[in-house]
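Written below as structure tokens is the structure these notes are about.
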Amino acid sequence: MSHEGYEYGFYAAEEMTSKLIIPRGYVKFFLMFRKIVLGLLLAVCCLGEVHIAAQKKSEADPGLKITAHYKERIKNRVLAEGHVEILYKQTKLVADRIELDTETKELTAEGNVVIQMENEVISTDRIHFNLDTKAGEFFRVHGLVQPDITYRAEQVDRKNEEIYGMGKARITSCLQPVPRWQFSCSKAEFKKEDYIKMWNAVLAIKKIPVLYLPYMKYPLDQERSTGFLMPKPGYNGVKGFSYTQAFYWAMKENMDATLSFDYYSAKGMGAGLEYRYLFNRGTGGRMNLFFFDFKDIPGEEKQPGAYIIRLKHNQPLPGNFNLVADVDYQSSFDFLREFDNNFRTAVVSNRRSQVFLSRAWSYFNLNVRASQFETYFQQQDNSIIRRTLPELGFSSSKIKLISPLYFSFSSAFSRWEYGWESAYDEGTQKKSQNLTFNPTLSLPFTSVPWLTLNSSLTSNFAYYFQSYAPGTKKVVNEPLLQDNYSIDLELLGPVVYRVFYGSDKEPKLKHILEPSFSYRYESPVPLSDRIITTAPSFYRNHYVRYGLTNRFLFKEKNMPREILALGLSQTYYLLPEESPLSRFEVEGEIPEFSDISSYLRFYPARKYSLDFSAAFNTYYKTLSSVRMGANLGRPKDPFFLRVNWYKSVNPYRTETVWTRHQISVYGGGVIEPLSLEARAQIDYNIQERELLYSALTLEYHYQCIDFLVDVRIFYFREKPEVQFSFSFGLGNIGKTTDFMGGMGF
């Protein structure tokens, strides 16, 4: 079409249109269509503005990222559906539908909601949550808090990042599909890495309810945490049903306490406290208190309550002084024997109470002590008691005078009492106080490598404030001043050795032979029969002692290590009538030779050892004592065994009370395929041919739960007892151990 034609056609059409007659209905339709088009154009423009605003907002908050199949934004509100994913700082959320306020970060999410935060993953049906404060509400929740806490709850009220509450919850540290154990509770309070408080808690093991607690606090901290330990129920054939419960209190970083409760249905109940503390400059210690109240049994006289006090304390004081206190006191030895579940302490009948004050400076040492020691003898139903109130000592180490001459001294003041408890009741115990001073000159000789000679001369000055009346054992206030001297010579050598080489011509083994000889002479003490002593009589030492020691050293990492030592020694008394053997006679004569003492120490490796000692009486041709201790491994090793054998006979006396012959075997191991640990102990009296004690402990590790079964038989008690107890551990909650012996051997 030409240019002219185009113009013609246009004007012709305009002219023709102006002459048309259009119906009114078509005009209304045209106007409506025009409004619809204009509206669509306006909506497109608005959406363009919204898109531009969203782009600007995204640029203003680049840390927020939202992806979904469909999303829509109206001002500060974002609506999204279909595989919604939100990334904000360290939080990731996935849901079917979300509604988010981009300014306040308030979020509502529904349908298959999974939220992942630092060390925590939560799966829920619906949440109201703030991405900034991490606070919100969760409904029908399944959560995991690293490293190993999982929970389910109908509702969770998360107050902040650390603390939130739960309603109708189930909590466990087991990660199996069906937890080995879990707590169900009506409500709970959860603080990350600290604790979980539960109300109306029911413990279930493999879906079987085993324990109900109205309140429980489960620790999450791997360090110390305050809370109840797992209880220990049991049964004793004499004491009846038993139950032990302990509460651990982590007061501060430098102190804690354990409170315990013990119940025996046939005997009564007791309570204990163990308090431990540590302060600056080495001040610290521990205190144990226990009290038992016996049950009132019809037809029997009620026994008085029994108590135990144990204390160890160390206290640095001004002026470089140091104070040490040590107390182990029980009101009744019979109570300890009948109730202590640890065999080693139950058969030891000792009490001690002592306080030390000491100071050391330069060459000098000062010590002050007040003490009382008591040993109970069941056969006599009596105790021997020794008291020192006080005992003061001042001494020096060796001070060089003129090479090679050294000077040292010791001095002491002692005020003491000694005797049977019955003598104390009658006021007839031995009493005395004395003051001593002992200066010493010593001359060592070490110039020859294979020979060592030490010689010393000591003067002994003693002032006794009381004494025996002449020819009697009556104490009178007549002081005595006594003095004498002693000479000591110690010779070691000549030492000879031989080195054994390996095939590589390197030294492997060294054998050392050490003969020894010592001589001691004490000058006579005038009026020695008037001196008050704790021994039956006053002894004066004048003897020669000789011995021989073999040592074998093995080269290990270029350092020598002793693996075997064997020694023999004997004493010959030059003045037997004043020696410790003066109390005994053999065919009417006082023995001059002591028993031959021997020992063997074998340490083939760090965890293995054998210690053996024996004494042989040459007059009666018999062993007077034998002691053996063998260790194979340690209790923490996969296998360990300890054997202790002891025999003691006084050949000069035929009474069986002086004879002891016992053996103890203690061992255990780990059976890995069965996840089982086993320990057993047997104590047997060979002299009487009867068992004293036997015990067996089995601990089963069932992934996240430990079961412990303990069976003990106490044959040595007045009525032999069979005792059974059970305990278990759950994650961070330890087992209760009772004050009277605990779970250990």
query: Taking only pairs six or more apart or across chains, which ones have beta-carbon atoms under 6 Å, a first residue in segment 520-541 that is more than 27 Å from L453 (Cβ to Cβ), and a second residue that is among the acidic types (D, E)?
result: none
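Inspect segment 203-223 for any residue being closer than 17 Å to F707 by Cβ and either of a type in the set (S, T, N, Q) or under 22 Å from the mean Cα position of the chain (by Cα) (or both) and give the result as yes or no.
Of segment 203-223, the ones closer than 17 Å to F707 by Cβ are 203-211.
Those left that are additionally either of a type in the set (S, T, N, Q) or under 22 Å from the mean Cα position of the chain (by Cα) (or both): none.
No: zero hits.
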- request: Say whether the condition of being basic (K, R), outside any strand (DSSP E or B) and surrounded by fewer than 18 Cβ atoms within 10 Å (Cβ to Cβ) is met by at least one residue in segment 196-219.
  value: yes
- line: Across segment 348-404, the tally of residues that are in contact with a helix residue (DSSP H, G or I) (Cβ under 7 Å, 6 or more places away or on another chain), at pLDDT below 95 and surrounded by fewer than 16 Cβ atoms within 10 Å (Cβ to Cβ) stands at 3
query: Do the conditions hold for S569, that is, is it more than 30 Å from S523 (Cα to Cα) and either over 33 Å from the mean Cα position of the chain (by Cα) or part of a helix (DSSP H, G or I) (or both)?
result: no
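Do any strands (runs of 3 or more DSSP E) entirely within segment 431-515 hold 3 or more residues that are free of Cβ contacts under 8 Å to residues at least 24 places away in the same chain, and if so, which?
On the way: elements: 452-464, 480-492, 496-501.
Qualifying strands (runs of 3 or more DSSP E): 496-501.
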message: Being outside any strand (DSSP E or B) and closer than 20 Å to S332 by Cβ is the filter here; which residues of segment 288-301 pass it?
response: K295, D296, I297, E300, E301
- prompt: Under the condition of being outside any strand (DSSP E or B) and touching a Ser or Thr at 6+ places or on another chain (Cβ under 9 Å), which residue from segment 349-379 is nearest to I399 (Cα to Cα)?
  reply: Y363
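If I filter segment 544-559 down to residues being assigned to a strand (DSSP E or B) and modelled with pLDDT under 90, which single residue comes out as surrounded by the most Cβ atoms within 10 Å (Cβ to Cβ)?
In the first step, residues of segment 544-559 are kept if they are assigned to a strand (DSSP E or B); the result is 544-556, 559.
From what's left, modelled with pLDDT under 90: 555-556, 559.
Values: K555: 15, E556: 11, M559: 8.
Among those that are assigned to a strand (DSSP E or B) and modelled with pLDDT under 90, it is K555.
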task: Go through segment 220-266 and give me each residue that's part of a loop (DSSP other than H, G, I, E, B) and touching a residue at least 40 places away in the same chain (Cβ under 8 Å).
output: L220, D221, Q222, S225, L229, P231, G237, V238, K239
query: Which is buried (at least 17 other Cβ atoms within 10 Å of the Cβ), in a strand (DSSP E or B) and in contact with a helix residue (DSSP H, G or I) (Cβ under 9 Å, 6 or more places away or on another chain), of G285, G270?
result: G270
message: When you check Y243 against the structure, is it farther than 29 Å from K197 by Cα and either hydrophobic (A, V, I, L, M, F, W, C) or touching a strand residue (DSSP E or B) at 6+ places or on another chain (Cβ under 9 Å) (or both), yes or no?
response: no
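Residues to consider are F602, F584; find the one that is under 25 Å from T622 (Cα atoms) and more than 45 Å from the chain's Cα centre (by Cα).
Numbers: F602 fails: more than 45 Å from the chain's Cα centre (by Cα).
Exactly one residue qualifies, and that residue is F584.
The values are calculated or read from the model by the stated rules, or taken from the named source; none is laboratory data. For clarity, every value in this text was computed on a predicted model and none was experimentally measured. Counting neighbours? That spans all protein chains shown, and the Cβs are built from the backbone with ideal geometry, glycine included.
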